[in-house]
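The block underneath contains the structure these notes are about, expressed in structure tokens.
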Amino acid sequence: MTDAITLAQGESHSPRARLLVLTSSGAVAATHTGIITGGSVTYDRSRDVRRSGSVTLVDKVGTLTPTDPSDELALGAHIRLERGIYTEAGTIYTSLGTFSVTAFDGNMDGKLELSLQDTTDDLRQDMGTPLTIPARTRGAQALRLLWEPVLGSSDDWALGDDSAVVGSPRTYAEDDERLGSAVDLMSDLGLQAYADRMGVPVLSPLADPTTIETTHTFVQGPDTGLAVSLSRSGEFRRVNRQVVVGEPADGPVVRGEATITDPAHPWHQDRIGIRTAPIHRSAAIASRYQARRVAQAMLLERIRWSDAVGWTGVPDITLEAGDAVSIVEPQTQTAARYRIERVTLPIVTGAMSFTASRITQVYA
């Protein structure tokens, strides 16, 4: 991804931005350059719809402001925002995200403001008809059953994990929401489902952040960016044990357990005793292996270290929610690995900001 790496260097340049209007098949129907004056995109791993944003466009004569449901920027239209840099070979662009238009505001000042959510927002709708996912259905196929009727063919989806299976038949009523139902089911399987920057659905395991390769290093100092806040919060209870019980309708009850096994961890049971999180039960979990994997993923989410850092600095548009980064801040002696929980990137000009939680070794 040479274009994005070039943009990430933080060198002095004149940023460019463009808006692509997409057809229902994802093809580019129109390209608009030189009309974006502001806006930002946010990636938040805690939200069902991971990507959101807003963009301000120049619309002096009102031709872009939607007046009909068939207009190219009407509610529900799909667009892609790209940020670029000018080079001798031309402007090189990289995607900031593929979005649905969820609101707009045009005014007599010649501006049009769009509110955006990534394309999984289209799944925020009732099933419409009852749906049953049979027992022993693999996670990837379950996601297809829930999402394909809205998003279309899954031929190009990035369904990287196909080992987890649904334990018991999962029946959804006609008024159950497609997005929330899928997110909850995938969580029970130890998986996460979201859309990438190109709008492609992704299915992947909930990874132990200690196993994720460091993708970026941020150094606090002159001309390197500024960590504007470093706080320690107490929002998470101390736990060191997670129990998960699978209760499939057509099989025996299974049980999985995860504990902090690294003796150096301050919450290890030899230091503070046993601290058990609320037991999680699910009919979707069919095997001890699956129950243990879900327990490990849930424990990692519950014991996120309470050292949270907020950062504002030079934009690095390759940064993603879920990335593992190294932050070096000499003044407060912060030199540790963090997982990005939420990042906001400017579309044209402005600073980048992110929040991240510190990564600690949990499993020996």
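The values are calculated or read from the model by the stated rules, or taken from the named source; none is laboratory data. These numbers come from a predicted model, not from an experiment. Glycine gets a Cβ as well: all are built from the backbone with ideal geometry, and neighbour counts include every protein chain shown.
Brief remarks follow.
- ARG197 outside any loop (DSSP other than H, G, I, E, B) and at pLDDT 90 or above: no
- Flag if SER163 is part of a loop (DSSP other than H, G, I, E, B), touching a residue at least 40 places away in the same chain (Cβ under 8 Å) and within 20 Å of VAL244 (Cβ to Cβ): no
- Restricting region 307-364 to residues that are assigned to a loop (DSSP other than H, G, I, E, B) and modelled with pLDDT under 80, the residue that is surrounded by the most Cβ atoms within 10 Å (Cβ to Cβ): VAL314
- The condition of being in a strand (DSSP E or B), at pLDDT below 95 and either farther than 30 Å from LEU300 by Cα or in the same structural domain as GLU341 (by TED's automatic domain parsing) (or both) holds for only one of THR65, THR56, THR94, that being THR94.
- Looking across region 19-53, the residues that are modelled with pLDDT of 95 or more and touching a His at 6+ places or on another chain (Cβ under 9 Å) come down to LEU19, LEU20, VAL21, LEU22.
- Contact annotation: residue pairs with Cβ atoms under 7 Å, 6 or more positions apart or on different chains, pairing a residue in region 346-360 that is more than 28 Å from LEU57 (Cβ to Cβ) with a partner that is of a type in the set (S, T, N, Q), are ILE359/THR210.
- Of the criteria (1) assigned by TED's automatic domain parsing to the domain that holds ALA29; (2) outside any strand (DSSP E or B), which one SER187 fails: (1)
- Check on LEU159, outside the structural domain of VAL21 (by TED's automatic domain parsing), surrounded by 16 or more Cβ atoms within 10 Å (Cβ to Cβ) and more than 24 Å from VAL28 (Cβ to Cβ): yes
Residue-by-condition table, conditions (1) free of Cβ contacts under 8 Å to residues at least 24 places away in the same chain; (2) among the charged types (D, E, K, R); (3) within 30 Å of ILE347 (Cα to Cα); (4) not in a helix (DSSP H, G or I):
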| site | (1), (2), (3), (4) |
| --- | --- |
| ASP105 | yes, yes, yes, yes |
| LEU112 | no, no, yes, yes |
| GLN117 | no, no, yes, yes |
| THR120 | no, no, yes, no |
| GLU148 | yes, yes, no, no |
| LEU179 | no, no, yes, no |
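- Test for ASP270: is it outside the structural domain of THR137 (by TED's automatic domain parsing), without any contact (Cβ under 8 Å) to a residue 24 or more places away in the chain and not hydroxyl-bearing (Ser, Thr, Tyr): yes
- Leading residue by the ranking (surrounded by the most Cβ atoms within 10 Å (Cβ to Cβ)) among those in region 261-299 that are in a loop (DSSP other than H, G, I, E, B) and among the polar types (S, T, N, Q): SER287
- Evaluating ALA258 against the criteria (1) part of a helix (DSSP H, G or I); (2) under 15 Å from TYR363 (Cβ atoms); (3) at pLDDT 90 or above; (4) not acidic (Asp, Glu) leaves one unmet condition, (1).
- Per the listing ARG51, ARG16, ARG45, ARG83, the residue uniquely touching a residue at least 40 places away in the same chain (Cβ under 8 Å) and more than 29 Å from ARG124 (Cα to Cα) is ARG16.
- When residues of region 190-206 are limited to those that are among the aliphatic types (A, V, I, L, M) and in contact with a Ser or Thr (Cβ under 9 Å, 6 or more places away or on another chain), the one surrounded by the fewest Cβ atoms within 10 Å (Cβ to Cβ): MET198
- The set of residues from region 92-122 being touching a Lys or Arg at 6+ places or on another chain (Cβ under 6 Å) and either surrounded by 17 or more Cβ atoms within 10 Å (Cβ to Cβ) or closer than 18 Å to GLY76 by Cα (or both) comprises SER95, LEU96, GLY97, THR98, ASP118.
- Residue in region 264-280 that is within 25 Å of ARG197 (Cβ to Cβ) and touching a Ser or Thr at 6+ places or on another chain (Cβ under 9 Å) present: no
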